[in-house]
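The values are calculated or read from the model by the stated rules, or taken from the named source; none is laboratory data. Just so we're clear, the structure is a prediction, and the values are computed from it rather than from any experiment. Note that we place each Cβ from the backbone using ideal geometry, even for glycine, and neighbour counts take in every protein chain shown. Calculation scope for accessible area: heavy atoms of the full protein, side chains included, ligands and nucleic acids excluded. Shrake-Rupley method; radii C 1.70, N 1.55, O 1.52, S 1.80 Å.
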Amino acid sequence: MAGSILGTSVRRVEDRDLLTGASTYVGNLALDGVLHVAFVRSPFAHARVTAIDTAAAAAAPGVVAVHTAADLDLPAHHGFIVINPDLPRPPLATDRVRFAGEAVAVVTATTKAAAVDATELVEVDYDPLPTVVDPEAALEPGAEPQFPELGSNLAAGMRAPAQPDPLDGAEVVVRARMVNQRLAVVPMEGNAIAVRPEPDGAMTIWVSTQMPHGFRNQVASVLGLDADRVRVITPHVGGAFGGKAGLLAEHTVVIGVGRALGRPVTWVDTRSENLVSMPHGRAQVGYYELGLRRDGVITGLRARVVADSGAYAGFGGALALGPTYIMSQGVYDIPRIGYDAAVALTNTTPVGAFRGAGRPEATAYLERLMDLAADELGLDPVELRRRNFLKPEQFPFTTVSGAPYDIGDYDLPMREALSLVGYDELRAEQARRREAGDPVQLGIGVCAYVEITAGGAGSEFGSVRVHDDGTATISVGTSAHGQGHATAFSMLASDRLGIPIEKIRFVQSDTSAVPRGGGTGGSRSLQLAGSAVQAAAGEVLDQARRRAATVLEAAVDDVELTADGAFGVAGVPSATVTWAQVAEAAADDGEELAAAHDHHQEGPTFPFGAHVAVVEVDTETGRVTPLRHVAVDDCGRILNPLLVTGQQHGGLAQGMAQALYEEVGYDPEGQPITATLADYRMPSAADLIAFETATTETPTPRNPLGAKGIGESATVGSTPAVQNAVVDALRPLGVRHLDLPCSPQRVWAAVRDARAGVLADPWREPPAIFASLPVRDGAPAAAEGGEI
């Protein structure tokens, strides 16, 4: 509409508190009489626990209590998603430990320092057991089982029916075994929780989580409490990225300690704790085969994915059964897909979600295959993609894997990205360097992607209330951790009501103040909660117009909202009343201007885009230097371009980091070798470049805003673009594939081998386990939560 605030770059209203230090995180809560918790963690990746002696620790200065699993008697439970109901995790280890860093005891003291010191005094007797770190090795016959009663390390699995073979009739088949490496989430603020038992037996929990209501419900379910006796508050959160979904073992222990002692307790993990205890992300190995005709038209795809769930069947392993499968078709018209997945248990940190949660993996596999196919067929990578794009007129479209695509025009962002980057000129410069034998080669990588947002669809809560001073309060069931929710939702209310943003209060993340909510995950917030707020604001506006009509003694149809945010009568400029006057009139009658709405969305939405990465690769040292990255992302109708750009930049940083730098590592005994930021290669701003971002707008029909998610899109698109660029630079040497991350060592080794005439084949036969998996009965759910 003319004069609408929507679609404009409104500055974030939440930034003042963040920048001035007025924000409150769990770690700086001032709770009277609070005690501090520290965990005793196993130094072994796999061992029987034969005895625990806590006497010396209990006698240490400042120590209030030391608890083991037997002392607290807390129930074993699952995390955010149940992948195997037979494998719950005990909050503290009982008979054995299954990864290095697993908590075996907990010390509570008057200060954090006293608690940490006392952990060194707890004596634990371990009987070491063989470890298995590699997920493929874990699935081999004879591998040491994590759970002997299970009989193997297969936590879950599925395979496609044997017929029809998706590669039948293909004239060309390209194959690759591709590693999507394990990543650490590394939020600015790690896991943190504070628990205060209340005098009436209830409890208040402050916790750094993405889903306060879900956290409350899981606490109530696990501990056998009434949900209304548990209040969960999420203060400011220093990033989450999927790693703060659900009730973790440490959360359960801290809650148990607080209940046992009847006193407030708190735990904030250290960075080293965070790197070994917060669920990791990705951790997949994909065996992919793409069939094509010689003219470049795709005929079929076969995929077999090994997912590492870590210890205790971490729910990240389930992503191979859900989103990675659901999004396996990508942006292409693929007539046949065969997809198998095996989820392995290993003696490593449990795997969870990380920005994109299964969708970046699907795109990375498919986009590497497209480059391999283009090389095999002698086609430009862009041309091959364009020959296979789904066409706009095919939408809505249900893929072979069951993804109900809403709307798409996949060549639209590709055209924009190629224009912005100057694709033809870059190819000419690349040819010049190759002809000159320049040791620093230019690589150009492209990626076309589609991803799923609001994958669980469902509903979300939003409410709007106007007070008798003319201000308003909005509340939502989602929970922000840096995305700009206060700004976005205030814009929606302001646009509909004409109340300035600075007069709107935003409420979230408190289960006593917001009655229900699904929380944040899968880039669902704006399309669900935003639609709820918009609908609630519309209802409030209708209430106000009726009330204003009574005050103005006019017909409701003649009352209109003026440009300055008052109510007037059409054709009578002098007759106006303010929001404050209308709200006061309602209050005089014992009523209020308020509405709550639960927006239900039928089906997920599917953002898409195209990325072009440009890198230099020094063939003498293996160093990769990013030069440019152009990202064109389509998230439907854009509410605030500033917020979209921020999400693009954050996603690009994390996607590029996976492509070039980050990887969690373990030695053969299961010892983490990346347990500090001195070892885990997370890039700083100095390692990255100025991103070039743009957007196209293809509104979805699945919600009234026309909005799709943007929080994870840039991560989905950027990693394969950068990986393709690195391989593209080395292609004249005969290098066909490099696994992630494309580190200097890995690049240098590939160049060395190629110059020695040793050209690595990116394919090897998949593990035998796939032949014995149960045949899939229908398509798995694409939901972000629930049981798989």
Wholly enclosed helices (runs of 4 or more DSSP H) of segment 1-114 bearing at least 2 residues over 26 Å from SER221 (Cβ atoms): 15-20, 55-58
Filtered residues of segment 313-352 (kept if within 22 Å of ALA45 (Cα to Cα), open to solvent by 10 Å² or more (accessible area, probe 1.4 Å) and at pLDDT 95 or above): PRO350
Among the residues of segment 514-547, what is the count of those that are more than 26 Å from the chain's Cα centre (by Cα) and aliphatic (A, V, I, L, M)? 6
Selected residue [closer than 25 Å to THR478 by Cβ and touching a His at 6+ places or on another chain (Cβ under 6 Å)] from ILE193, ILE233: ILE193
Looking at (1) open to solvent by 50 Å² or more (accessible area, probe 1.4 Å); (2) under 32 Å from the mean Cα position of the chain (by Cα); (3) not basic (Lys, Arg), which is the only condition ASP380 fails? (2)
Would you please name the residue that is most open to solvent (accessible area, probe 1.4 Å), looking only at residues in segment 698-735 that are touching an Asp or Glu at 6+ places or on another chain (Cβ under 7 Å) and assigned to a loop (DSSP other than H, G, I, E, B)? PRO701
Taking segment 400-431 as the search range and keeping residues that are in a loop (DSSP other than H, G, I, E, B) and surrounded by fewer than 20 Cβ atoms within 10 Å (Cβ to Cβ), which one is nearest to the chain's Cα centre (by Cα)? GLY402
Only one of these conditions is not met by ALA51: (1) under 29 Å from GLY314 (Cβ atoms); (2) surrounded by 14 or more Cβ atoms within 10 Å (Cβ to Cβ). Which number is it? (2)
When every residue in segment 446-479 that is within 24 Å of GLY651 (Cβ to Cβ), buried (at least 24 other Cβ atoms within 10 Å of the Cβ) and of a type in the set (A, V, I, L, M, F, W, C) is compared, the one modelled with the lowest pLDDT is ALA454
From LEU528, LEU541, LEU492, grab the single residue that is closer than 28 Å to ASP226 by Cα and part of a helix (DSSP H, G or I). LEU528
Restricting to segment 722-774, what's the tally of residues that are closer than 22 Å to ILE689 by Cα and among the small types (Gly, Ala, Ser)? 3
Six or more apart or on different chains, Cβ atoms under 7 Å: show the pairs whose first residue is in segment 51-69 and more than 20 Å from ARG263 (Cβ to Cβ) and whose second is open to solvent by 30 Å² or more (accessible area, probe 1.4 Å) and acidic (Asp, Glu). ALA51/ASP125; ASP53/GLU123
Restricting to segment 653-695, give me the number of residues that are loosely packed, with under 14 Cβ neighbours inside 10 Å and of a type in the set (Phe, Trp, Tyr). 0
Quick check on my filter: what residues within segment 207-233 are surrounded by 24 or more Cβ atoms within 10 Å (Cβ to Cβ), out of contact with any helix residue (DSSP H, G or I) (no Cβ under 8 Å at 6 or more places or on another chain) and either modelled with pLDDT under 95 or not in a helix (DSSP H, G or I) (or both)? GLN210, MET211
Within the group HIS77, HIS67, HIS36, HIS46, which residue is buried (at least 18 other Cβ atoms within 10 Å of the Cβ) and either at pLDDT below 95 or over 29 Å from PRO197 (Cβ atoms) (or both)? HIS46
Filter segment 186-228 down to residues that are of a type in the set (S, T, N, Q) and over 24 Å from the mean Cα position of the chain (by Cα) and give me whichever is nearest to LEU18 (Cα to Cα). THR204
With the first residue restricted to segment 696-712 and required to be among the hydrophobic types (A, V, I, L, M, F, W, C), and the second required to be not in a loop (DSSP other than H, G, I, E, B), Cβ contacts under 6 Å at 6 or more apart or on different chains are LEU705/GLY530; LEU705/SER531; ALA707/LEU526; ALA707/GLN527; ALA707/GLY636; ILE710/VAL644; ILE710/GLN647
